[in-house]
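Since every read-out is calculated from the coordinates, none of them should be taken as a lab result. This one's a predicted model, so the numbers in the text were calculated from it and none came from an experiment. Neighbour counts are summed over all protein chains in view; Cβ atoms, including those assigned to glycine, are modelled from backbone coordinates with ideal geometry.
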Amino acid sequence: MSKAKIRLAFFGAGGKMGRGACKKLNATGEFDLRCVEIAEEGIAVLRELGLGVTPAEQAVADADVVVFALPDAEVLGIAAAIVPQVPAGALVMMLDPCAAFSGKLPKRDDIGYFVSHPCHHSFLEKRKPGQHIVTALYQGAETHYAQGVRIASIVYAPILDVHRLTVEQMILLEPVVSETVAGPCCAAIKAGYDEVVKRGVPEKAAFDFLLGHVTATLWVMFGFGGFFSDGAHKILKMGDGIMLKKDWKRAFSPESIREQIDLILTHTGGEQGAGEGVIGDESVDAAVIRGGIVAGAR
Ligand SMILES: NC(=O)c1ccc[n+]([C@@H]2O[C@H](COP(=O)([O-])OP(=O)(O)OC[C@H]3O[C@@H](n4cnc5c(N)ncnc54)[C@H](O)[C@@H]3O)[C@@H](O)[C@H]2O)c1
């Protein structure tokens with residue numbers, strides 16, 4: 001006898017994450033997939049993939065799993081309307097930990113909440129193609145966790161390691177360290193590249209030299225091997241004083257984290273982010289200039 005298919009309602013099916021995820025989930029044949037999407041463009045993309053759309057209420061009515069791949073600024077509002085309709089025992093899965101961390105998801109003791117996010121491939125790691133993922137069971141049973149891992153493994157395939165964390169640890173990884181901290185550092189590297197090109201260094205030479213040095217510096221700093229020259233040690237220390245704000249670790253304070261999460265979960269900020277920004281008026285992603293906490297590259 002063939003195994004019963006898992007009834008899966010996927011919200012945001014036609015979005016950037018949703019379209020690829022739904023294609024992969026559908027291809028496994030394991031799911032009775034109900035794609036939920038409201039944007040014309042997203043619906044058209046799904047049609048090209050041979051996938052139809054299902055009205056939200058119908059999709060969740062008897063669902064085993066509900067995935068929210070929704071804009072972060074909309075997810076809490078949609079969850080407030082949809083989660084009360086989710087059958088008892090079902091799993092609600094999100095691709096970002098902010099909504100769970102906010103404590104504002106609808107209270108339902110009889111369902112599971114699971115979060116997963118991709119690590120993206122690190123060019124420092126010489127492993128086969130694929131990416132690691134981080135996962136957290138915010139609420140629910142171990143069976144919910146196993147089901148979430150199975151779905152995340154398809155959505156982010158091909159995957160390598162599955163790291164199990166808490167939602168709080170996921171928040172420290174993103175947005176805090178990988179966006180609020182590392183984002184402005186990356187933007188400063190690009191701004192430095194633009195500056196040397198403006199001063200006459202040929203683009204290809206600047207790119208080859210800078211990216212090679214950034215990779216080598218990370219390689220040494222993370223202990224993969226190699227070493228810094230005495231001169232490099234001295235200049236790294238000096239550059240630290242020029243580039244980093246003295247109190248940059250306040251990015252990890254509870255107040256700042258709360259502010260970062262609020263920014264992500266609401267429509268405030270927009271493309272240029274909120275607060276003073278780090279890299280002046282360059283057009284960088286909102287995540288990169290969140291709050292201007294870390295670097296002072298003006
Ligand atoms: N984009 C990435 O690289 C990436 C990577 C990892 C995780 N994520 C997470 O995935 C989630 C989705 O991000 P995205 O970049 O795919 O967003 P997106 O804006 O590209 O897609 C969201 C989709 O949701 C649809 N939508 C909005 N309201 C809806 C509703 N009421 N019912 C059904 N559909 C609705 C939109 O029309 C859109 O197609 C976010 O939580 C994000 O943090 C994104």
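Averaging 1/r over every pair of different alpha carbons in the stretch 1-143 and inverting the result gives a Kirkwood radius of 15.9 Å. The antiparallel fraction among DSSP beta bridges confined to the stretch 1-160 stands at about 25%. Here the simple spin-label model places points 7 Å from the Cα toward Cβ, and for A216 and K245 these points are separated by 3.2 nm. Adding -39500 (n - 2.57) for every DSSP H run of four residues or longer, then dividing by how many residues the chain holds, sets the calculated 222 nm ellipticity at -12500 deg cm²/dmol.
Note on the stretch 110-208: antiparallel DSSP beta bridges, both residues inside, total approximately 60 percent of the bridges counted. Here the Gaussian network model covers the chain, with springs between Cα atoms less than 10 Å apart; of A205, A90, A61, A205 fluctuates the most. Shown is the FRET efficiency for D208 and V177, computed with R0 = 25 Å from the Cβ-Cβ distance and rounded to the nearest 0.05: 0.35.
Greater than 29 Å separation of Cα atoms is the criterion. Which listed pairs, K3/K23; K190/K249; K3/K24; K24/K249; K24/K204; K5/K107, meet it? Before the final figure, lay out each step's value.
Working: K3/K23 21 Å; K190/K249 22 Å; K3/K24 19 Å; K24/K249 40 Å; K24/K204 37 Å; K5/K107 27 Å.
Beyond 29 Å between Cα atoms: K24/K249; K24/K204.
Close amide-amide hydrogen proximity is noted between C119 and H132, I133, V134, each under 5 Å apart and 5 or more residues distant or on a separate chain (H modeled in the peptide plane; Pro and chain starts excluded).
Expressed as a rounded percentage, what relative contact order does the stretch 113-200 have, with Cα pairs under 8 Å and six or more residues apart?
On the way: 93 pairs, mean separation 24.1, N = 88.
With pairs under 8 Å counted, the relative contact order is 27 percent.
Helix 203-221 and the longest principal axis of the Cα set of the chain meet at an angle near 80°.
Can you give me the angle between helix 230-243 and the longest principal axis of the chain, using Cα atoms only, in degrees from 0 to 90, rounded to the nearest 10? For helix 230-243, the angle is close to 60 degrees.
Against the longest alpha carbon principal axis of the chain, how many degrees, from 0 to 90 and to the nearest 10, is the axis of helix 182-198 turned? Around 50 degrees separate the two axes. Between P71, P87, P158, the Gaussian network model of the chain with springs among Cα atoms under 10 angstrom shows the greatest mean-square fluctuation at P158.
Just to be sure I understand: of the beta bridges DSSP finds with both ends in the chain, what percent are antiparallel, rounded to 5? If you can, show how the numbers build up before the last one.
Numbers: 7 of 29 bridges.
Here the share of antiparallel DSSP bridges comes out near 25 percent.
Taking every C-alpha pair closer than 8 Å and separated by at least 6 residues, the mean separation divided by the residue count of the stretch 6-165 gives a relative contact order of 19 percent. Out of A232, A100, A21, any idea which swings most in a Gaussian network model of the chain, alpha carbons joined below 10 Å? Ranking A232, A100, A21 by mean-square fluctuation puts A232 first. Once C-alpha pairs closer than 8 Å and six or more residues apart are averaged by separation and normalised to the residue number of the chain, the relative contact order reads 14 percent.
If you average 1/r across every pair of different Cα atoms in the stretch 108-217 and take the reciprocal, what Kirkwood value do you get, in Å? Kindly include the intermediate steps, with their values, before the conclusion.
Numbers: mean 1/r = 0.0603 Å⁻¹.
Result for the stretch 108-217 stands at 16.6 Å.
Inverting the pair-averaged 1/r between distinct Cα atoms of the chain gives 21.3 Å as its Kirkwood hydrodynamic radius.
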